[in-house]
Structures are given as structure tokens and as C-alpha cells.
Amino acid sequence: MTLLAPRPVHPGRAQGHLPRLLAGLADGSRAGLHLHEATFGPLPLPAEPASAAARRAASRLIDVVERSGLTGRGGAGFPTGRKLRSVAAGHGPAVVVANGCEGEPASRKDRLLLSRAPHLVLDGVALAAFAVGASQAYVAVHAGEERLAAGLEAAVQAREVAGIDPVPVRIVRVEPRYVASEQTAIVQRINDGPGLPTFTPPRTHERGVGGRPTAVNNVETLAHLALIARYGNSWFRQAGVPSAPGTALVTVSGSVARPGVYEIELGTPAGEVLMIAGGPTERPQAILVGGYFGTWLPAEAAWPAPLSHPGLRSVGAAMGAGIIVALPESSCGLAETARVVRYLADESAGQCGPCAFGLPALADALADLAYHGGRGDAAERISRLIRLIEGRGACRHPDGATQLAGSALAAFGDDARWHGRRGPCHGVQRPPVLPVPGDVEYW
């Protein structure tokens, strides 16, 4: 079922083959409005968006998205159709926010999509606005990424000249901090407040921008929505697996031959994704799945794990923002984790004790273990701090950091015991694998 008349479908896309999101693009190219419409067809919206027929079409669109099984691609994996329906049922004109603030330092998928296929994202913004009855839309990106913002503003202007969007779209710049990428922080920034996470409830779908019901979606989620509206829920489900339909963009890095962003079918084993990225350049000892709020998995456990929310849940991990990092055997997983937790501690909003005091203490304990041996009790101190911090924060930030730290103790348990007896290993002297903004040397 599609929103309007069925669109012609490229044979590869009709069979669920890849690419989908980046279809029609050569390496490094950018789709302007003309190329975008030549590839996917015009934006599938009614000619009279305020008519009774259009309101019925908006309800049908939400039905289609729900049946497609599309879930958020920004980290939480919440069902997109359910979010749209909640906002549409709210009181007063709604707002749509496209979250393009890629706060995860190891992720590049959203930047790639916004820079190469901006009109697919903006189509998704327009369709989400139509579905929920929004009167205003925003696309949020990090301040300082002026080339990206300028390209988006040019795309918005081209669409304004063509008269194809049902609501005005504004590009907003958000402080380039990890916590500023969280959806309540973006809403607070648009409301002219500090770009920091807020306490919930109320949630953004209840009261967000200007106190109005607000749908905040990752930009990749909205790009998928633009394709579902054209080709239907059955087409979307031709890729992926029944419990996790569709495709996803994943950022692969670490000890692989061709680091980069790849579109995969959900359910693809992590090891197969590493092979798509050229295969390991050095035997991996562990794989980080999900980013800096993610999970270290031993390589033998991660290799067959299906990349989907249900598939990774079975091994104690989550998709997050679609980040896969292969850690080579010659590196120290404890040192890598210590660097990242120190970064997360420095990025804290400082709004609660677990962040302001707990995360620096956790970072110190991890550094003590990785770089100084921890005087034999560092692993227990880390475990005790994790128990004190988790579940007590004002937002998800401290829980994300403790998830990473706890998974490091589990995945690198033998290393932790070795460090406790003998001090730092040779791996702490290796060049870092995980990127930390600013390339700061903390120790």
C-alpha cells in the first residue's frame, strides 16, 4: 500500500536489493532536486493538503509506516509509526524535528546522508509533517559544520522555489556536544534554552517545541519514511528479516581494510559486515557494537550476531546508531574504554550527581587500571561505581557510559586481571582506535 498511486520501482529496489537510500548516486556525488526526482519521482503528497481526502491519506500513511515495521535509526529503535500516531493525536498544530546531530564520534552515516541525499531526508520531513498535521519543521545539525548546513539550506531553498513542501523548514545549529544531540536537548535549544537534556515527563511527543506535540526523528529514519511512502510497506519488508525489516546505514571502522558507511539489510551478521568492509586487517579481539553507549563483545560472540535490535539483544548488545568497530589484538580494550569514558565524563551536562561526580570517578578508575595497574582492586572499584551510577541520572548519559564500562570489564576480564597483577600492557602504547573529538591526550 502506498500513499498515492504506486510509483515505478527500480528493479533492484523492488527485490529488496541494495542500495536503497543512496540509489542513483555515484561515489562522492550529491543528489540535487532534479536528480532526486528523476530517481525516486516527485514527493507523494496530495495536491490539496487541507482537504478531507488529504486527512484520510495522512492516516493511511501512518498505517503504512506501522505495517512496514520501521523503527528509529538514531539509537533507541522506537517504532516510527507509533511515534507519528502519538504526535498526530496531540492537541494543537504539531512540529517535526529531523535530528541530524551526529553526536557519536564513531558515526558518519547521518553526515553522509545529509550531504549526498538531502532531498530524501527533506521528503521524509515533509511526509512526517503531513502525517501529524505539523505547521513547522526543523532540521538540526551541529554548529561548526557550516558546509553541511549550507548545503541543506540550499536544498530547502530549491524546494521552496519549487513549492513542494507543505510546511516551512528551518535549519537549526546545535552545540557540538555529545549530550546536545539528545532529542530533549535539541527541543530545548529550538526553544531558545540551553542545549541540554531535560527531565521527562512530559515527553517531546506530548509537549516539545513551543509546548506543542513534537515528532523528533533521526534523519535516516525520515529517509526510509520517504521510500515507504512511495513504494509501500510490503516493499520495505522485502529487505531485512521479519523481526527487523528494512535496511540500515552502519559505520564500520577499526581494523578493517575499507572503513566507511555501508547500507546493509537488518539481520546481517556482524562478521559479514566486517567482510563487506574489506575484512579485518588484523585479527580482532573484540567488536564494539552500538557506539559509545554501546557494548564490547568478544570477537567470537560478535561475529555471528545479527545486526538488528532483537538479534543483538540476544547477546546483550544493541544497534545504537549503527556503529561497528573492530578492535585489533594489538590494542588495549581497557585503555580504549578509559579514553572514551573520560570523554563522556567531560561531555556531561553536569545536571546531576551521577554525571558530575560519578563519571569522572569512573574515568579515573578505568585509567588507573589501564595505565597503572590499579593496585589490584581497580576492577572492583569500577564495578562498585557502575552500581552506584546506573539508573540514577537525570538523562541516559551516565547509564550509557556505565554500559560501555561494564561491557569492557566483561569482554576484557582476563586483561583486567593481568593489568591488576603486572601493570599496563604494550597495547596502551598503540595508536588509539576509537576517535575522541579534538584528539585530546588525557593521560
Which one, ALA94, LEU112, ALA53, is farthest towards the positive end of the dipole of the stretch 18-170 when Lys and Arg carry +1 and Asp and Glu -1 on their Cβ? ALA53
Of the listed peptides 276-283, 98-105, 255-262, what is their order by residue-averaged count of other C-beta atoms within 10 Å, with the highest listed first? 98-105, 255-262, 276-283
Quick check for me: using +1 on Lys/Arg Cβ and -1 on Asp/Glu Cβ, what's the dipole size of the chain about its Cα centre, in debye to the nearest 20? 900 debye
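Figure the gain on full extension for GLN238 and GLU37 (residue separation times 0.36 nm, minus the Cα-Cα span) and round it to one decimal in nm.
Result: 70.1 nm gained on full extension.
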With bins 10 Å wide starting at 0, give me the P(r) of the chain over every alpha carbon pair, in whole percents. 5, 22, 31, 25, 13, 5, 1, 0
In whole Å, what is the distance between the alpha-carbon centres of the stretch 412-433 and the stretch 44-118? 44 Å
At the level of C-alpha centres, the distance separating the stretch 267-327 and the stretch 136-197, in angstrom, is 31 Å
Roughly how tilted is helix 413-422, in degrees to the nearest 10 and between 0 and 90, from the longest Cα axis of the chain? 30 degrees
Could you rank the peptides 219-228, 346-355 by their average count of other C-beta atoms within 10 Å per residue, with the highest value first? 219-228, 346-355
Relative contact order for the stretch 11-238, counting Cα pairs under 8 Å that sit 6 or more residues apart, in percent: 29 percent
If you take every DSSP beta bridge whose two residues both sit in the chain, what share of them, in percent to the nearest 5, is antiparallel? 50 percent
Ranked highest first by average number of other Cβ atoms within 10 Å, how do 263-270, 164-171, 197-204, 182-189 line up? 182-189, 263-270, 164-171, 197-204
Semi-axes in Å, largest first, for the stretch 216-273 (Cα gyration tensor, √(5λ)) are 24, 14, 8
Helix-derived [θ] at 222 nm for the chain: sum -39500 (n - 2.57) over DSSP H runs of at least 4, divide by residue count, nearest 500? -12500 deg cm²/dmol
For the stretch 363-427, the Rg and Dmax computed from alpha carbons only, in angstrom: 12.1, 38
Assertion target for TYR343, TYR292, ordered by fewest C-beta neighbours within 10 angstrom first, is TYR343, TYR292
Suppose we keep just the alpha-carbon trace of the stretch 66-216; what are its Rg and Dmax in angstrom? 14.4, 40
So how many Å³ per residue does the convex hull of the Cα atoms of the stretch 316-356 work out to? 117 Å³
Between helix 378-389 and the chain: long-axis angle, C-alpha atoms, 0 to 90°, nearest 10: 40 degrees
Once both axes come from the Cα atoms, what is the angle between helix 146-162 and the longest principal axis of the chain, in degrees from 0 to 90, rounded to 10? 10 degrees
Against the 2.2 N^0.38 Å scaling, with N counting residues, where does the stretch 241-328 land? I'd like the Cα-based Rg ratio to two decimal places. 0.94
So what is the relative contact order of the chain, in percent, for Cα pairs below 8 Å that sit 6 or more residues apart? 15 percent
Over its Cα atoms, what ratio of radius of gyration to 2.2 N^0.38 Å does the stretch 285-443 give? 0.97
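Each reported figure results from applying straightforward, stated rules to the coordinates on display, with no laboratory input. Not measured: the values here are computed from a predicted model. Backbone-built Cβ (ideal geometry, glycine too); neighbour counts: all protein chains shown.
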